[in-house]
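The values are calculated or read from the model by the stated rules, or taken from the named source; none is laboratory data. Since the model is a prediction, treat every value here as computed from it, not as a measurement. Cβ: placed from backbone, ideal geometry, glycine included. Neighbour counts: every protein chain shown.
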């Protein structure tokens, strides 16, 4: 994959390990730009970042590619990794999968056909709107909820890969609550490939390249590390931010529109908060956005405090997918534009047809990821836990982040694991220096009196 620009990035041995471990991530750190300011550690929802030796470090197993560190870093040291369209030039047939949030990026463009035609102008052979697949998934979800009365309540949407990873790491008891259905990006890729092979029998599946135009880095990670499926039908992930400028230039010189939009209000509404949930035609739902709000909702569900709800839609980004870090427009402005675009559209243009209900379901359920496990040996883990609690009580408890860890408890855990020392806490170091100064003063005073 390529980074967001052509500058040479300092990839340390740690970063290489980070990329080649079990999970291939789409968020990277440029150590040359990192100033060690600790701002990112305060925004990471899984405590995956530490600042050591003046630079941030990302723990592979804890990272969920939410992009919050990218949003928070004022030095641009955190970057999203995605593909470039030029990397797929050798494929005979290229299909674009534009995310619904793409439509809200263009000012004074109220024609969906013009946006989609710009993709063909740029070299794509076909376009399959992810909004179409979203309408199919909405219909499937309605039927799934109707035929499964014994589902754990509430059912949690699986559309956002950040949420699925977050639950796997922090809320393993809620894994059974996740809707076991493929996200629209995956459904769109599979249907697009099928339609292309039917229209062009001379092609093979290997000739076809399906590229998702994404609002966030989490989708790029999903393609490399599929959730619920063995292998994704998506070939690569492009950035909305990069494609936006190319599309805008293409629309200015385009003479005729070549593609007709085939999505309705339901599909386009998936770009914003409550778009998925409202399409179920069921008032017993909750929709939340922003990773901090999402965690609060998951805490309540995990504690059994949320009842009488059938469905919960959670979006890691503020405003929903329009808030992804790979977009160019303010999420609320983009959402307002989408409302204008929806005005004259039908409710929905896409149905499941004669496809089996189980054709939309996951191949396997996600498993818990015990990233907080202290040791494989139970007795050793208990000993370490007691030590962590004891050290935590000696720390100031203000969670300032100056030590390079997000909380005092996280620092205590790092100390027990041998990744930090107590003197990393500036308050502990200050108290130690004050005691040493007092001791030296007393020694000097005794020397003078003798």
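Of all the residues that make up the range 420-450, how many are within 20 Å of residue 39 (Cα to Cα) and either outside any helix (DSSP H, G or I) or at pLDDT 95 or above (or both)? Qualifying residue count, the range 420-450: 2. Just one of the listed residues (301, 295) is under 18 Å from residue 171 (Cα atoms), touching a strand residue (DSSP E or B) at 6+ places or on another chain (Cβ under 9 Å) and touching a residue at least 12 places away in the same chain (Cβ under 8 Å), and it is 301.
Looking across the range 137-154 at every residue that is in contact with a helix residue (DSSP H, G or I) (Cβ under 6 Å, 6 or more places away or on another chain) and surrounded by 19 or more Cβ atoms within 10 Å (Cβ to Cβ), the one that is modelled with the lowest pLDDT is identified as 140.
Each row is one residue, and each column tells you yes or no for (1) more than 30 Å from residue 179 (Cα to Cα); (2) in contact with a helix residue (DSSP H, G or I) (Cβ under 6 Å, 6 or more places away or on another chain); (3) at pLDDT 95 or above.
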position	(1), (2), (3)
215	no, yes, yes
247	yes, yes, yes
261	no, yes, no
275	no, yes, yes
284	no, no, no
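In the range 419-437, the residues that are closer than 26 Å to residue 58 by Cβ and assigned by TED's automatic domain parsing to the domain that holds residue 397 reach residues that are part of a helix (DSSP H, G or I) and modelled with pLDDT of 90 or more with C-beta atoms within less than 7 angstrom, at least six apart or across chains, in these pairs: 420/411; 420/414; 421/415; 422/415; 424/411; 425/411; 428/422; 429/423. When the range 371-396 is limited to residues that are surrounded by 12 or more Cβ atoms within 10 Å (Cβ to Cβ) and within 30 Å of the chain's Cα centre (by Cα), the one that is farthest from residue 409 (Cα to Cα) turns out to be 375. For the range 191-212, the condition of being crowded, with 24+ Cβ neighbours inside 10 Å, in a helix (DSSP H, G or I) and in contact with a strand residue (DSSP E or B) (Cβ under 9 Å, 6 or more places away or on another chain) holds for at least one residue. Quick one: how many residues across the range 32-77 are outside any loop (DSSP other than H, G, I, E, B), surrounded by 22 or more Cβ atoms within 10 Å (Cβ to Cβ) and touching a residue at least 60 places away in the same chain (Cβ under 8 Å)? Number satisfying all stated conditions: 6. Of the residues screened, residue 86 is one that is within 30 Å of residue 31 (Cβ to Cβ), without any contact (Cβ under 8 Å) to a residue 60 or more places away in the chain and not in a strand (DSSP E or B).
Which of the residues spanning the range 49-62 are under 17 Å from the mean Cα position of the chain (by Cα) and modelled with pLDDT of 95 or more? The one that is under 17 Å from the mean Cα position of the chain (by Cα) and modelled with pLDDT of 95 or more: 49.
The set of residues from the range 385-418 being part of a loop (DSSP other than H, G, I, E, B) and farther than 21 Å from residue 56 by Cα comprises 395, 396, 397. Criterion applied to 321, 317 was being under 26 Å from residue 173 (Cβ atoms), surrounded by 19 or more Cβ atoms within 10 Å (Cβ to Cβ), modelled with pLDDT of 95 or more and assigned by TED's automatic domain parsing to the domain that holds residue 98, and the one residue passing it is 317. Applying the set (1) closer than 22 Å to residue 407 by Cβ; (2) touching a strand residue (DSSP E or B) at 6+ places or on another chain (Cβ under 9 Å); (3) in contact (Cβ under 8 Å) with a residue 24 or more places away in the chain to residue 93 leaves exactly one unmet item: (1). Between a first residue in the range 352-363 that is modelled with pLDDT of 85 or more and a second residue that is surrounded by fewer than 13 Cβ atoms within 10 Å (Cβ to Cβ), which pairs have beta carbons less than 8 Å apart while being 6 or more apart in sequence or on different chains? Note: pairs meeting the criteria are 363/230. The conditions of being more than 28 Å from residue 105 (Cβ to Cβ), surrounded by fewer than 16 Cβ atoms within 10 Å (Cβ to Cβ) and touching a helix residue (DSSP H, G or I) at 6+ places or on another chain (Cβ under 8 Å) are met by residue 368. Taking residue 106 as the residue in question, decide whether it is surrounded by fewer than 20 Cβ atoms within 10 Å (Cβ to Cβ) and farther than 15 Å from residue 184 by Cβ. Criteria not met by residue 106.
Looking at this structure, is residue 101 outside the structural domain of residue 29 (by TED's automatic domain parsing), outside any loop (DSSP other than H, G, I, E, B) and over 23 Å from residue 314 (Cβ atoms)? No.
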